[in-house]
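The values are calculated or read from the model by the stated rules, or taken from the named source; none is laboratory data. Fair warning: this is a prediction, and the values are worked out from it, not measured in the lab. Cβ coordinates were reconstructed from backbone atoms using ideal geometry, including for glycine residues, and neighbour counts include every protein chain displayed.
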């Protein structure tokens with residue numbers, strides 16, 4: 001009985017905590033000029049109060065190499081070097097700063113986003129003139145789709161928002177914007193396409209999430225090179241049993 005009562009109290013307490021996290025609409029917000037602002041995290045003034053918000057849905061690259069593991073993960077997503085990735089992060093910072101000129105609207109539940117700042121940081125969705133900052137960052141090729149997914153009752157559904165982001169990313173890739181540019185820093189891209197025999201074993205990466213390895217192809221395996229995805233990644237087709245599959249490989253590993 002005591003155990004059941006304790007469990008019931010815990011559930012009730014959790015439900016009350018969740019219920020307390022209601023969406024709040026903050027209009028007429030302005031950006032505070034702060035050295036810690038970056039592409040997805042900003043100091044914001046709401047009336048006379050000072051807040052620190054972090055975007056739902058997306059992650060923009062770091063603006064320096066102080067978190068090498070995180071930069072490596074972001075670099076793998078875009079198929080860039082760490083140094084190129086940091087440059088994309090700085091472009092994202094400039095993009096967001098321009099987007100946030102003037103006043104804008106913040107949608108937030110004041111859910112804790114943690115972070116390295118001593119100030120409390122909360123998740124938010126930022127809207128201006130009917131557009132969402134997280135979607136526009138992805139459309140510009142300056143953010144990966146990554147992190148917590150939330151929408152308020154006044155927004156498109158979760159499924160619709162996911163589709164919008166996927167469409168925005170496809171557009172960025174097609175137009176070679178931001179981190180999807182294939183010629184950042186004048187980098188050369190391998191242009192060979194066609195049948196190819198692997199000179200060494202290579203790791204095959206997932207097309208949608210290049211941070212995830214699908215497996216290893218052994219030296220001597222025959223593949224088809226489909227073309228470059230970035231300055232450091234090449235798209236290939238290979239056989240997995242009876243099925244033909246596609247994936248990504250690091251161009252340098254292929255020897256192209």
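So here's what we get for this one:
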| item | result |
| --- | --- |
| Residue among 71, 86 that alone is buried (at least 21 other Cβ atoms within 10 Å of the Cβ) and closer than 28 Å to residue 235 by Cα | 71 |
| Test: residue in segment 111-134 that is assigned by TED's automatic domain parsing to the domain that holds residue 76, under 30 Å from residue 225 (Cα atoms), at pLDDT 90 or above and outside any loop (DSSP other than H, G, I, E, B) | no |
| Selection status of residue 164, surrounded by 12 or more Cβ atoms within 10 Å (Cβ to Cβ) and part of a strand (DSSP E or B) | no |
| Single residue of segment 193-243 satisfying the filter (over 20 Å from residue 81 (Cβ atoms) and in contact with a helix residue (DSSP H, G or I) (Cβ under 9 Å, 6 or more places away or on another chain)) that is surrounded by the most Cβ atoms within 10 Å (Cβ to Cβ) | 236 |
| Scope segment 120-177; condition more than 13 Å from the chain's Cα centre (by Cα) and at positive phi; matching residues | 129, 130, 176 |
